[in-house]
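Before any comments, here is the structure.
The values are calculated or read from the model by the stated rules, or taken from the named source; none is laboratory data. Keep in mind that this is a model prediction, so the values were computed, not measured. When we count neighbours, we look across all protein chains shown, and the Cβ atoms used for this are built from the backbone with ideal geometry, even at glycine.
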Amino acid sequence: MNNFLWGVATSAFQIEGNISNDFTDWEQLGKFKNNGADPRYENGSNHWDLWETDFEYLKELNLNAYRFSIEWARIEPVRNEYSQSAIDKYHQMIDKLISLGIEPVITLHHFTHPSWFHDLSPWTESSSIEIFTKFAQKMVDEFAHKIKYWITFNEPQVWALAAYGDAKFPPGQKDLYKVMDAIYNILYAHIRIYDMLKSVDNNIQVGIAKHFVVFKEARRFFFDRNLVKKLHQFFNVMILEAFSTDSLEFQFPFLLSYNSFIPLDNKIDFWGINYYYRLHAKFKINYKNPIELFAKEPATDMGWEIYPKGLKKMIKLVDATNKNIMITENGIATEDEKLRMNFIKKHLKIVKSQMKKRKSLIGFFYWSLLDNYEWLEGKSKRFGLIHVDYNNNFKRKLKPAALLYASFIKKLSTVTN
Ligand code: BGC
């Protein structure tokens, strides 16, 4: 039996509903609005109530894996006070997945925090490491005997840039050194959690889901080319390299010069690739803001360019680390099912050829199972394989692309058998 993981990915906050955390606080304080966004959470996709129905769909779609996250704010709503009922419910969910023959892939941190976190000890302070790893230890004690694949963090850079670079996510500051400090502390917490999990069972596989972007120079021009190199280094390479060099390092003239020792010591078993698009980059003569990024042919409802070849490039880049690779997110926001089907077909064609070529590629997860809350856009961007009717009790309906994905999986599973 082939054991390639065919799945879908979600994150707790985006689908569960009934949560209060740093994001709902921000919405209530009107901070998203002040920053030009207007997401409305309104109970996510109500997965907290409808999870059993949602899990039946996994089976129906021939999936053998499911990536999801645990909502820290639900588990530890008050510092050092854990909610047993929330923990019990996650146990039920995990047990149900296992009973359906679906491999659970758990993410411990997917952008959100309990309301008390940023004021007490934000990620820019080293004390955050202790606070997060204490929560992680609790999760490891509860779930490590049931789950083989653990993702410590989802997209540390994307989160840190949104929280401390352009101030779009809470706690909303603008300071590139804080971006780096936050990434540093997050990676430090990863080391601790890696050791924790390995001490429970050395076969547990621990990874990070990292965002990868293909950059292309907007003009055939030395400055644009140089900028592309820098952006590639920062977004795609810096963290990968830190694991082998034990140094988190990045230089950008006039903006940033950072170099810190970090004992990562190659402590990662697989890299998660979250891949969506390509961006074009233009260098501007403006020392405070020298970077312009844009999609040349925006095609999705997020305004993103569709560039399937980029997935192959990023798999190749990551494969050079000699670690396993899981495509932990790939998907499209659109209301045009033909476009979604085309997107899936093109990306799966690449997955198929890469699977044959590289043993290191161990899974693919479409983002996302359900239409859900998108961080700055709210419910208007529909990434799901299942349509959610927000005006009709969150009613679910399979989209045509879901069936296409299911039939691809069936075919590809026989190819690799
Ligand atoms: C994130 C998801 C998000 C998706 C689409 C990824 O960066 O991990 O939470 O919904 O992209 O924007």
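This table checks each residue for (1) under 23 Å from the mean Cα position of the chain (by Cα); (2) surrounded by 13 or more Cβ atoms within 10 Å (Cβ to Cβ); (3) closer than 30 Å to Gly303 by Cβ.
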position	(1), (2), (3)
Pro253	no, no, yes
Leu256	no, yes, yes
Pro263	no, no, no
Ile273	yes, yes, yes
Tyr277	yes, yes, yes
Ile285	no, no, yes
Lys288	no, no, yes
Next item on the list: Collect the residues in the range 215-236 that are surrounded by 17 or more Cβ atoms within 10 Å (Cβ to Cβ) and closer than 20 Å to Gly165 by Cβ, keeping them in residue-number order.
Entry: Phe215, Leu227, Val228, Lys230, Leu231, His232, Phe234, Phe235, Asn236
Next item on the list: Considering (1) modelled with pLDDT of 95 or more; (2) among the hydrophobic types (A, V, I, L, M, F, W, C); (3) under 19 Å from Gly378 (Cβ atoms); (4) within 16 Å of the ligand (Cβ to nearest atom), say which one Ile70 fails and leave the rest.
Entry: (3)
Item checked: Residue selected from the range 202-214 under the condition more than 16 Å from the ligand (Cβ to nearest atom) and surrounded by 16 or more Cβ atoms within 10 Å (Cβ to Cβ), by the criterion farthest from the chain's Cα centre (by Cα) -> Ile204
Next item on the list: Search the range 4-34 for residues being part of a strand (DSSP E or B) and within 16 Å of the ligand (Cβ to nearest atom), and hand back the single one that is nearest to Asp119 (Cα to Cα).
Entry: Ala9
Next item on the list: Please note which helices (runs of 4 or more DSSP H) are completely contained in the range 57-148 and include at least 2 residues that are in contact with a strand residue (DSSP E or B) (Cβ under 9 Å, 6 or more places away or on another chain).
Entry: 84-99, 127-143
Item checked: Leading residue by the ranking (farthest from the ligand (Cβ to nearest atom)) among those in the range 267-299 that are out of contact with any strand residue (DSSP E or B) (no Cβ under 6 Å at 6 or more places or on another chain) and without any contact (Cβ under 8 Å) to a residue 40 or more places away in the chain -> Ile285
Next item on the list: Find all pairs meeting these conditions: Cβ atoms under 7 angstrom apart; at least six residues apart or on different chains; first residue within the range 325-347 and farther than 25 Å from Ile362 by Cβ and modelled with pLDDT of 95 or more; second residue within 12 Å of the ligand (Cβ to nearest atom) and among the polar types (S, T, N, Q).
Entry: Ala333/Thr300; Thr334/Thr300
